[in-house]
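Read the structure below first, then the notes.
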Amino acid sequence: MNLIIHPDAASAANAAAAMMAQALAAHPRLVLGLATGGTVEPVYARLVELHRQHSLDFSRCRTFNLDEYVGLPAHHRNSYRHFMNERLFLQVNLELANTHLPDGTAPDLSAECLRYESEIAASGGIDLQLLGIGQNGHIGFNEPGAELDSRTHVQTLSATTRAQNSRLFTAPDQMPAQAITMGLGTIRDCRQCLLLATGREKAGIIRQTLTSAPTPAIPATVLHEHPDCTVILDAAAASQLEGLQLPGVALLTNQWK
Ligand code: F6R
């Protein structure tokens, strides 16, 4: 696992966007794995800027998102399809037909999970997967207790995740109790992973993730088993790492001090 620390959230997000942009420029038919949430919003803003100002070309790129709420139609303002359309897909020259999220309104959710896995496989697999991390260590919506080799499945959301995300709903009690998420095994199969965490509220879970061996109690620890994973942090998210031994973690850049 490679670790890069930036002084602030903006430069950490720009570094993540730069990695994605370089990969896309080198391989225009890249299969990108995408995440939603507050942490990655500035990454998408930077990618849009790179498209508008530097002609970053998404026309042949294909995308797969990690997750989608069960029961929210694409046009719902809190659906992850809506988030992606607004923040990235409709702002760059991506073909909407090349963008994929699980369908949380599918009548048969188990069949939808299988279909999503097949679609990823048919695309040749995900080249570069962007990840955020929940305060309980979830990646995608793989909550604590998740099987480390799980595939795309329906996940009941934990109380922590509901508390973290319900603030984004106009009526917080309208937040769905379940989501479809890529599994930890699906994420581990991506050729490259890029985890971005910013802000002091992520410092504790980052310390636990980077110091713990893989355990279902902290789903993000599965990334220790990944052969090509980069973690980008800002100083606030890295603030509990000082003086710690981080086995298996190579500190590439520390622009913090
Ligand atoms: C959403 C997802 C989640 C978020 C995580 C962090 O697609 O994959 O794992 O990345 O909940 O969310 P923020 O960035 O809002 O703290």
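The values are calculated or read from the model by the stated rules, or taken from the named source; none is laboratory data. All values derive from a computational prediction rather than experimental measurement. In this analysis, Cβ positions are derived from the backbone assuming ideal geometry, glycine residues included, and neighbour counts consider all displayed protein chains.
Here are the numbers:
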{"read-out": "Check on Asn136, within 14 Å of the ligand (Cβ to nearest atom), assigned to a loop (DSSP other than H, G, I, E, B) and within 28 Å of Ala18 (Cα to Cα)", "value": "yes"}
{"read-out": "Search result, residues across region 1-31 that are buried (at least 22 other Cβ atoms within 10 Å of the Cβ) and touching an Asp or Glu at 6+ places or on another chain (Cβ under 7 Å)", "value": "His6, Ala12"}
{"read-out": "Subset of region 16-46 [within 16 Å of the ligand (Cβ to nearest atom), farther than 19 Å from Arg200 by Cα and part of a helix (DSSP H, G or I)]", "value": "Ala17, Met20, Tyr44, Ala45, Arg46"}
{"read-out": "Check on Thr99, over 30 Å from Leu246 (Cα atoms), modelled with pLDDT of 95 or more and among the hydroxyl-bearing types (Ser, Thr, Tyr)", "value": "yes"}
{"read-out": "Residue match in region 64-81 (condition: under 16 Å from Leu24 (Cα atoms), part of a strand (DSSP E or B) and touching a residue at least 12 places away in the same chain (Cβ under 8 Å))", "value": "yes"}
{"read-out": "Candidates Ala97, Ala106, Ala121 - the one that is within 19 Å of the chain's Cα centre (by Cα) and more than 16 Å from the ligand (Cβ to nearest atom)", "value": "Ala121"}
